[in-house]
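Taking it in order: structure first as structure tokens, then the write-up.
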Amino acid sequence: MLYRDFGKTGLNVSAIGLGTWNIGNQWGEIDEDTALATVHAALDHGVNIIDTAESYGIPCGLSEERLGRALKGKRDRVHIITKVGRWGRRSGQTVPMTTVDMVRLCVHASLYRLRTDYIDVLLCHEGKIEDPSVYLEAFEQLKQQGTIGAYGISTDQLEALERFNVQGTCGVVELDYSLLNRKPEKKMLPYCQEHGIAVVARGPLGKGLLSGKYSTETVFTDTVRAEWYETEGDREKLNSRLAKVERLKTVAAPGEAMVRTAIQFVTSHECQPVTIPGAKSPAQAAMNAQAGDTTLTPSDRAALIKLLKDETVNAKLPAAV
């Protein structure tokens, strides 16, 4: 596993982390033993940074609860990222973060579920927030008290990131970045490089599409993807992305080779992102982590970009990819 400095946070983290939205049963149900074993498999393969959120799970908080149980006796081996600000969103009962005390209350609830007395990285989960002042005040208080280490925001909008970094205190941003979504390369990643903000890339496998196991005939039954692809416009976007996956199959076979290629595309960006692929089994967690032993060369990245942009290109990549 490769390790890298995490922006200005002072942390040294694995290039591959673990996303634990999956262990909260929103991407299909998994039992408790499998959920905990999945976390343990990631640790066994060198992962030392794990992402979760108060809102992940059916019911809300299940991901944090399971992660807390999985880390019993192992807390000192892991840097935890969690997020507040979207509790109850999917049930239409969002808790509004209108006061500093409300933010602090939610953070302490996360601490309880995670069975820990500190959080390494705390993120605002309101990606389109207009006024982050309540979060910034609460987060800074919690940092000064030693309850959290670094803080930041999970967003795909540069404007929201700029607002959250108005005081220069945003240490981390979590954003969607993959071979199927390279938009952050235009503005978000350069901004992070300029300001020393650590990048956590979620969705490196394009919501699972970059595993190569889905087709235009797939009917998603899990809660999250069924909601994402329920409209005709969403299905058109899905089909466009699947067409790119088909081109990727010419250089990386579905399964481990494609997963490895997709993950390494993200970690090889010059801003040194940490990526957090999700996993629903120990085998998936191990396979994802094993992609952290190296990164792609600039020429390999360029070949992949050209392949997915131009349907006529037949890119050649080294066998190791």
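Every read-out reported here was derived from the displayed coordinates using simple, explicitly stated rules and does not represent laboratory data. Here the structure is a predicted model, which means the values were calculated and not measured. Counting neighbours? That spans all protein chains shown, and the Cβs are built from the backbone with ideal geometry, glycine included.
Translational diffusion coefficient of the range 156-207 (Stokes-Einstein, Kirkwood radius from Cα pairs, 20 °C, 1.002 mPa s): 191 µm²/s. Using Cβ point charges alone (K and R +1, D and E -1), the dipole size of the chain about the Cα centre works out to roughly 540 debye. Considering only Gly7, Thr52, Ala37, the residue lying farthest towards the positive end of the dipole of the range 1-99 is Gly7, judged by Cα position with unit charges set on Cβ.
Listed values for the range 107-118 are Karplus-derived 3J(HN,Hα) couplings in whole Hz (6.51 cos²θ - 1.76 cosθ + 1.60, θ = phi - 60°), namely 5, 5, 5, 5, 4, 5, 5, 7, 6, 9, 10, 8, and x replaces Gly and Pro.
The aspartates and glutamates within cross-link reach of Lys143, meaning a Cα-to-Cα straight distance under 13 Å and a gap of 8 or more places when in the same chain, are Asp117, Asp120.
Here's how it looks for Ile119: its modeled amide H is under 5 Å from those of Ile148, Gly149, which are all 5 or more places away or on a different chain. Taking Lys and Arg as +1 and Asp and Glu as -1, the other residues whose beta-carbon sits under 13 Å from that of Ala41 total 0. Near His79, the amide H atoms lying under 5 Å from its own belong to Ile49, Ile50; only residues 5 or more places off or on other chains count, and H is placed 1.01 Å from N. Under the shape rule built on the C-alpha gyration tensor, where the axes satisfy a ≥ b ≥ c, the range 232-304 is oblate, since a/c reaches at least 1.5 while a/b does not exceed b/c. Each helix, a run of at least 4 DSSP H residues, gives -39500 (n - 2.57); summed and divided by the residues of the chain, these come to -11500 deg cm²/dmol at 222 nm. The aspartates and glutamates whose alpha-carbon is closer than 13 Å to the alpha-carbon of Lys213, local same-chain residues fewer than 8 away aside, are Glu246, Glu256.
For Lys207, the lysines whose Cα falls under 23 Å of its own Cα, not counting residues fewer than eight places away in the same chain, are Lys83, Lys128, Lys183, Lys186, Lys187, Lys237, Lys244, Lys249, Lys280, Lys306, Lys309.
Taking amide H as placed 1.01 Å from N in the peptide plane, Glu174 has its amide H under 5 Å from the amide H of Ile153, Ser154, Thr155, Val200, each at least 5 places away in sequence or on another chain. With Rg and Dmax of the Cα atoms in Å in mind, check [x] 18.8, 57; [y] 22.4, 90; [z] 19.8, 64 and report the label derived from this structure. Recomputing Rg and Dmax of the Cα atoms in Å here picks out [x].
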